[in-house]
């Protein structure tokens, strides 16, 4: 018997991966959670039928979410992750010695629980002394925070289910208030091939709130189109004007200080989306 | 009835695309050729079950094959395309006013015939006055050419079927002889996620022949992993040392002079493959 997981990334296109076994499946309070052991990508977490992360390619997304903003900010002491229940972004954050505290707020404790169980290399920082984990509504946590964070990272699912409100302008206004006066945030903002309208809308909304707004990309094989975008909104620091001495060596598999800069160079059709 | 095309890009991973209809299917002298009308990507050409090109995303590959070497060379008059029977690379080449003649040698006339019929926006340059088309063995054409070309582009299939010998060191030695004394070539060299060994071998072989050898990447959604590599071997001109005034405006959807440079900045794990 052959078992194949197929994700329709659009109505008419998808990826398919051979599955050794289903490790866990559950309808949580918020979403359908599946943990699959795949042949090609190792263990794979899907939520509502969409790949969130896999052991083989997770490093791209997690490194690019964490290191671009953390090297952009000259002294990121307090960091907030909204979502990110697999722990991969946390694992990257604690590599930065400047960070004193990393708070993660994920709405679904089951994601954390099963990531700890089945994605041990990804969820390895949950017990780190700098890490604080809250199971709760990231939107509400942002709304209740004032002048609290140097860097906020929105590591959400696509804008379906519990994540819909994490793509609305009111959320970015809340982020601005939750950030310190020189803070910055990044959010994953889907792909330019199938979701150009979403990227354009988010970029426009963020640009109306933050003086420095930029888009960068990275290649994630298990995400739709393989080309992923991240939107950065910053009150003061420009990700393309980082002093050379700010960068320091860090153990990575995708990110380098050269990739940091090159990731903001957009293919023409991607640049046109945010014009 | 729903018809889906599925390409196993590895034994355990693939893409799947909804098909409106099969426009043509044929076992040619060299390979299995299918032309599909897909919902997501428009018309799609597959050879031996692998996506060669689609109307929606073809511009990335064709622009990056053609413009990076053509802007690297200061005066590319004579250009050879090995493979490339869909005509997309030719269409990009004739945008360069310096080019006096572009010769295309594809082993399979059926690819040209059905690309003309079903991929009109891609195959639009076959009748251009600068274009010469030969149906024949590119390997033999290279072996019989001496000091003939400024730029050679190897737009082949994966190393299966008729393209196997286009990934061997003897072929690159032939290319070196077929190039003028300041010539350069590029070849598509598959993806770093599933074919790292191939990239490493090709890069090593090319580096033993050409003083300047570099790797660059581009995002192609319908190719395995979405991240494609190209290897450039050059006798004299460095793709990262192009004088600013060499670049001129050209109508593109992916390539820009900034992308030209950024495409050589490799993710750490990709750079490690060719170390």
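The values are calculated or read from the model by the stated rules, or taken from the named source; none is laboratory data. These numbers come from a predicted model, not from an experiment. Cβ atoms come from the backbone with ideal geometry, glycine included; neighbour counts cover every protein chain shown.
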Considering residues that are at pLDDT below 95 and assigned to a loop (DSSP other than H, G, I, E, B), the number found within segment B:138-166 is 5
Looking only at segment A:149-165, count every residue that is surrounded by fewer than 22 Cβ atoms within 10 Å (Cβ to Cβ) and more than 17 Å from residue A:46 (Cβ to Cβ) and tell me the total.
2
Given A:268, A:253, which one is within 12 Å of chain B (Cβ to nearest Cβ) and within 22 Å of residue A:122 (Cβ to Cβ)?
A:253
Could you check segment A:96-123 and list, in sequence order, the residues that are touching a residue at least 40 places away in the same chain (Cβ under 8 Å) and assigned to a loop (DSSP other than H, G, I, E, B)?
A:96, A:107, A:108, A:119, A:121, A:122
Options B:89, B:81, B:65: the member that is at pLDDT 95 or above, more than 21 Å from residue B:221 (Cα to Cα) and in contact with a helix residue (DSSP H, G or I) (Cβ under 6 Å, 6 or more places away or on another chain):
B:81
Which of the residues that make up segment B:57-95 are farther than 14 Å from residue B:252 by Cα, more than 13 Å from the chain's Cα centre (by Cα) and not in a helix (DSSP H, G or I)?
B:73, B:74, B:75, B:76, B:77, B:78, B:79
